[in-house]
Amino acid sequence: MTAIEQVIQKAIAFDHGDARRIQHFLKVYTYADLIGRLEQLPAETQEILTVAAVLHDIGIHAAEEKYGSPSGKYQELEGPAIAKEILDQMQCPPALTERVCWLIAHHHTYTSVDGADYQILLEADFLVNAYEDSLDKKAITTFRDKIFRTKSGIDLLNTTFALS
């Protein structure tokens, strides 16, 4: 089992000095962990989800440096290699590392969702982004209706943003 506390420590060290991004991934991790538990994910899937939630934006600094932009498509390109390096240093199981890196490479892609870990990562990231980006209720409702699938994620979004 991967010690999520170590992953968090490594991610904080990696993003040192960038409190906004550290706060972001900690919030996404918290929502992902909660939704996964409420949806009663199997332990292995929950572990993959929480590790991916912590590391989902790990490529943002590299994207900014290489492309001059933190755009999601660039995060998806740059994040997996950085996450793999961190997880390899921790001697994480190869299957966990592979799936986490795949999720990072797709966390801004909303089509062909192939598992509960992927679905919940999208929902958790949106729950945080909706607040951080000050989205209006119409935009939040539209995204909910098109992307959200888990009962727990929908309930959290509706309650958080007083949608119903």
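The values are calculated or read from the model by the stated rules, or taken from the named source; none is laboratory data. This is a predicted model, so every value here is computed, not measured. Ideal geometry is used to build each Cβ from the backbone, glycine not excepted, and the neighbour counts take in all protein chains shown. These area figures cover heavy atoms from the full protein model, side chains too; ligands, DNA and RNA do not enter into them. Shrake-Rupley method; radii C 1.70, N 1.55, O 1.52, S 1.80 Å.
Summary of computed values
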read-out: Test result for Ala43, surrounded by 21 or more Cβ atoms within 10 Å (Cβ to Cβ) and modelled with pLDDT of 95 or more; value: no
read-out: Scan of region 87-105 for residues that are aliphatic (A, V, I, L, M) and open to solvent by 20 Å² or more (accessible area, probe 1.4 Å), ordered by number; value: Met90, Ala95, Ala105
read-out: Number of the condition not met by Lys84 [criteria: (1) crowded, with 23+ Cβ neighbours inside 10 Å; (2) over 30 Å from Lys151 (Cα atoms)]; value: (1)
read-out: Residue tally, condition of a type outside the set (A, V, I, L, M) and surrounded by 16 or more Cβ atoms within 10 Å (Cβ to Cβ), over region 130-153; value: 7
read-out: Hits in region 37-70 - residues which are without any contact (Cβ under 8 Å) to a residue 60 or more places away in the chain and among the small types (Gly, Ala, Ser); value: Ala43, Gly59, Ala62, Ala63, Gly68, Ser69
read-out: Any chance Phe161 is free of Cβ contacts under 8 Å to residues at least 60 places away in the same chain and crowded, with 19+ Cβ neighbours inside 10 Å; value: no
read-out: Hits in region 107-127 (condition: within 10 Å of the chain's Cα centre (by Cα) and either open to solvent by 50 Å² or more (accessible area, probe 1.4 Å) or in contact (Cβ under 8 Å) with a residue 60 or more places away in the chain (or both)); value: His108, Asp117, Ile120, Leu121, Glu123, Ala124, Asp125
read-out: Count of region 97-114 residues which are touching a Pro at 6+ places or on another chain (Cβ under 8 Å) and outside any helix (DSSP H, G or I); value: 1
read-out: Pair list, Cβ < 6 Å and 6+ apart or interchain, from region 10-36 residues that are in a loop (DSSP other than H, G, I, E, B) to residues that are at pLDDT 95 or above and among the hydrophobic types (A, V, I, L, M, F, W, C); value: Asp15/Ile22
read-out: Search result, residues across region 51-70 that are at pLDDT 95 or above and open to solvent by 10 Å² or more (accessible area, probe 1.4 Å); value: Asp57, Ile60, His61, Ala62, Glu64, Glu65, Lys66, Tyr67, Gly68, Ser69
